[in-house]
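Since the structure comes first, as structure tokens, the remarks are kept for the end.
We did not get these values from a lab; they are worked out from the coordinates using the rules stated. Keep in mind that what you see is a predicted model, and the values were worked out from it rather than measured. Heads up, the Cβs are rebuilt from the backbone with ideal geometry, glycines too, and the neighbour counts pull from every protein chain shown.
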Amino acid sequence: MPQLAFDHDSKILYAFYAGLSLGFATEDFNYRHIWMRFSEDYGQTWSEYTDLTGDVFHIFSECIFPSVAANIYDNVHVIYQTDNAPGINQRFEDHGVVDNNMVHLPVITVVGINEAPANIVGLEQINPNPASTTAHVIVNVDKPTLIEMSLVNMLGQVVFSNSMNLNYAGMHNLKLDVSSYDAGIYFVKVKAGNDVVAKKLMID
């Protein structure tokens with residue numbers, strides 16, 4: 001039951017659908033919930049899966065048939081149907097007739113004009129360190145953002161710089177090719193907006 005909505009201002013594509021949700025079940029069937037992902041590059045890459053109905057109020061809720069409004073302003077507006085019995089009456093003989101509720105779910109857009117810039121929660125680790133070919137840089141951000149990652153030598157010279165989109169909040173494993181640089185001490189710097197963090201990297 002997929003639904004797509006496109007925010008023309010922020011150029012973000014949203015996908016909504018109903019899917020089985022592990023941990024929300026009766027003895028025989030899993031409940032379905034309303035799930036969402038978003039893309040900042042027209043569907044080339046996607047964010048993590050988000051269960052929009054994964055809270056305590058939907059422990060025994062079957063959430064299906066999402067319908068998304070075509071226009072996006074401050075929120076993405078979703079309507080779905082819900083009841084307390086998994087499945088559909090016409091498909092399962094043991095599913096009795098129950099009342100359905102229509103629910104309006106406003107979803108806050110990922111990027112807005114007045115939103116604060118993203119923060120780098122941490123440059124968690126660089127592994128391996130020392131590195132000789134490829135270093136894995138683990139960066140943690142609090143929202144989707146554009147970052148700039150650079151490699152700086154002991155003289156303060158930027159020997160490598162690259163910008164990339166991090167499409168979801170949380171941990172990201174970024175690969176840094178160090179095979180062409182001289183052995184020595186360097187610093188990996190990651191910048192998001194005005195927030196900058198750095199960590200020492202040994203190249204051998």
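I want the local charge near I185. Using Cβ-Cβ distances under 13 Å, sum +1 for each Lys or Arg and -1 for each Asp or Glu among the other residues.
0
Put in order of Cβ neighbour count within 10 Å, fewest first, the listed residues T133, T82 become T133, T82. In percent, rounded to a whole number, the relative contact order of region 120-203 is 35, using alpha-carbon pairs under 8 Å and six or more apart.
What's the whole-number percent of alpha carbon pairs in the chain lying beyond 27 angstrom? Display every interim value, and only then the final one.
Working: 9931 of 20706 pairs.
Looking at the chain, the distances longer than 27 Å represent 48 percent of pairs.
Once divided by 2.2 N^0.38 Å, the Cα radius of gyration of region 3-108 becomes 1.15.
Shape index of region 120-203: Rg/Rh, with Rg the Cα radius of gyration and Rh the Kirkwood radius from the inverse mean 1/r over Cα pairs, equals 0.95. Net charge in the neighbourhood of T82 (other residues with Cβ under 11 Å of its Cβ; Lys, Arg +1, Asp, Glu -1) is -2.
Order these by the 10 Å Cβ neighbour count, fewest first: M149, M171.
Details: M149 19, M171 13.
Lowest count first: M171, M149.
Computed from label points 7 Å out along Cα-Cβ, the spacing between E124 and M164 is 1.5 nm. Modelled spin labels at D195 and L22, positioned 7 Å past Cα toward Cβ, are 3.0 nm from each other.
If you run the Gaussian network model on the chain, springs between alpha carbon atoms under 10 Å, then out of Q157, Q125, Q81 the most flexible one is Q157.
Going by neighbour counts of Cβ atoms within 10 Å, the residues F16, F187 line up, fewest first, as F187, F16.
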